[in-house]
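What follows is a set of notes on a single structure, which appears directly below.
The values are calculated or read from the model by the stated rules, or taken from the named source; none is laboratory data. Bear in mind the structure is a predicted one, so any value in this text is a computation, not a measurement. Cβ: placed from backbone, ideal geometry, glycine included. Neighbour counts: every protein chain shown. Just so you know, the surface numbers come from the protein's heavy atoms only, side chains and all, with ligands and any DNA or RNA stripped out. Shrake-Rupley method; radii C 1.70, N 1.55, O 1.52, S 1.80 Å.
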Amino acid sequence: MELPKDRSIQDLHAHFADLQQRYDQLRRSHDLLYALLDQSPAAVSLKEPGPQGRYVYLNAQWERAFGIAVAEALGKTDRDLWSPAIARQLENLDAPVLETGRPADGVISINQADGTHDWLSWRFPVRCPSGRNLLGGFSVERSSTVDPLEYRLLCKVRPGLMGIVYGEEDRIVEANEVFLNMLGYTREDLAAGRVSLDAITAPISAHTCEEARREIDAHNSVSLKEVELLRKDGSVISAGIGGSVLDRTPRFAWVMYALDMAEQRRAERLLRREEIWERLGLMAAGLAHDFNNLLVVIIGNASMAASDLSASPKIRGYLQEVLSAAEQAAVLIRQMLVYSGKARITQARVPIGEIIRNLATQKVPPGVQLVLEVSEELPPVSGDASQLGDALRNLLENALEAVGERGIVRISAAPCRIDQPIAYHDGEIPAGEYVCLTVEDTGPGIEEHLQTRLFDPFFTTKFHGRGLGLAAAYGIVRRHGGGIHIESAPGKGTRFEVLLKVAPH
């Protein structure tokens, strides 16, 4: 059925009216957006990625700042617009963004007719709805004064920066959250002027901080110096401080950064331990080869001699002791290989609950009570059943040695979920599903300064002991992607907490 002619014209008018309304809305949005960009105090740019990338957008501030007409710059590359030296600066700023796909920042120095201008510049990847990849730019000129926008950007964009200090009064006028959290101050304290170098410097480091002041005044920068800083609550933390001059006129100001030395020392310990593992691995591989050859000869000959019926019972007794010692040496070599990471792991679904329940057969002194608390819903874990069994037996033997002739050893296990990464001993345990296993004893406990060495090979707090049991247990758990955490204090016993990854379904 055909519509009347006048009805078709009405529909056409309505359609055009709708299109006009949408166009007007789009135009208003376009005008608002470009008004915002053109009135921005920052020079904003958008270009194709790479050294030959052409500019597709530049705001009015970019034209005012660099004295190049937008109409002339569009479609050009950095090499077309700038001298080779400036183009290289811009390409160096773009490079980390193109390599990592993450934002990067830096300072660009541009020589113009009225002198050299320094620009704080940021680059960031831009993905258009159409799927086209571009490179965004955002630049703010460094002014002759410490502009609030500038130092806020400095402090917040660079997470390593601690804050900006006015030289005359040593007052910290801006700081990032890392600094505030580290020393326990708030932004209200900062605004009220309660945060200064004098306020955060411990008396023992006053001389070092004075050296830093003189060094930055003379050389425009200060190398990293280790100091003791005072938190707001009066406690002391170790930190490394350094910095560089931001401006001298009209007011002397410098940017100071701080490193938490506790974190740095932890990283150094990790590096040292990795070096120990590497060296021990090489040594263990060589020792295992040579010792196993010797043990084959010793065990073989001792076994043959012990089976000789003509030998006296006394001689056979001696030979049995030789065999027992040789077997212990073989166990020691296996533990060293496990700790050093040279032992092979057979990946399988391990019923960890059964392994724990089998520990009930372990022989314990009459005065010691062994308690097992294992969840019935314990899921299997990923790894090598034999090695995991060795790790748990080593932890149990350590607990039994701790309690001696009388006490309680409790082993418990249950499924658990970690929602965010946590620090365990020397490493970080990622989020995920785990079996949480604890071995607790009512022994004498361990002093805090000894706890960090418990997993070192051949270190022991006991008069007797091989010194490799805990080291081997740690090596096994670590190689299975888990972690061990210790809680202990003199007179309060010891608790080892072990996390093992749940096997995938």
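Contact map, segment 381-397: first residue in contact (Cβ under 8 Å) with a residue 24 or more places away in the chain and at positive phi, second residue surrounded by 18 or more Cβ atoms within 10 Å (Cβ to Cβ) and hydrophobic (A, V, I, L, M, F, W, C), Cβ cut-off under 7 Å, separation 6 or more or different chains; pairs are GLY383/VAL350. Comparison of GLU440, GLU354, GLU377 shows that the only residue that is under 34 Å from the mean Cα position of the chain (by Cα) and at pLDDT 85 or above is GLU440.
For segment 36-87, the set of residues classified as more than 19 Å from HIS117 (Cα to Cα), polar (S, T, N, Q) and surrounded by fewer than 17 Cβ atoms within 10 Å (Cβ to Cβ) consists of GLN39, GLN52, listed by residue number.
Can you tell me which residues in segment 380-396 are part of a helix (DSSP H, G or I) and either hydroxyl-bearing (Ser, Thr, Tyr) or under 29 Å from the mean Cα position of the chain (by Cα) (or both)? Listed by number, the residues that qualify are SER386, GLN387, LEU388, ALA391, LEU392, LEU395.
Selection of segment 435-449 for residues being assigned to a strand (DSSP E or B) and touching a Gly at 6+ places or on another chain (Cβ under 7 Å) yields GLU440, ASP441. Give the residue, chosen from LYS232, LYS225, that is among the basic types (Lys, Arg) and part of a strand (DSSP E or B). Every option except LYS225 fails the conditions. The set of residues in segment 257-288 that are modelled with pLDDT of 70 or more and in contact with a Leu (Cβ under 8 Å, 6 or more places away or on another chain) comprises TYR257, ALA258, LEU259, ALA288.
Of the helices (runs of 4 or more DSSP H) lying entirely inside segment 98-214, those containing at least 2 residues that are modelled with pLDDT of 75 or more and surrounded by 18 or more Cβ atoms within 10 Å (Cβ to Cβ) span 177-183, 197-200. Does any residue of segment 338-347 turn out to be part of a helix (DSSP H, G or I), open to solvent by less than 80 Å² (accessible area, probe 1.4 Å) and at pLDDT 85 or above? So far as segment 338-347 goes, no, none of its residues is part of a helix (DSSP H, G or I), open to solvent by less than 80 Å² (accessible area, probe 1.4 Å) and at pLDDT 85 or above.
Note on segment 350-363: among residues that are closer than 14 Å to ILE411 by Cα and in contact (Cβ under 8 Å) with a residue 40 or more places away in the chain, the one that is surrounded by the most Cβ atoms within 10 Å (Cβ to Cβ) is ILE352.
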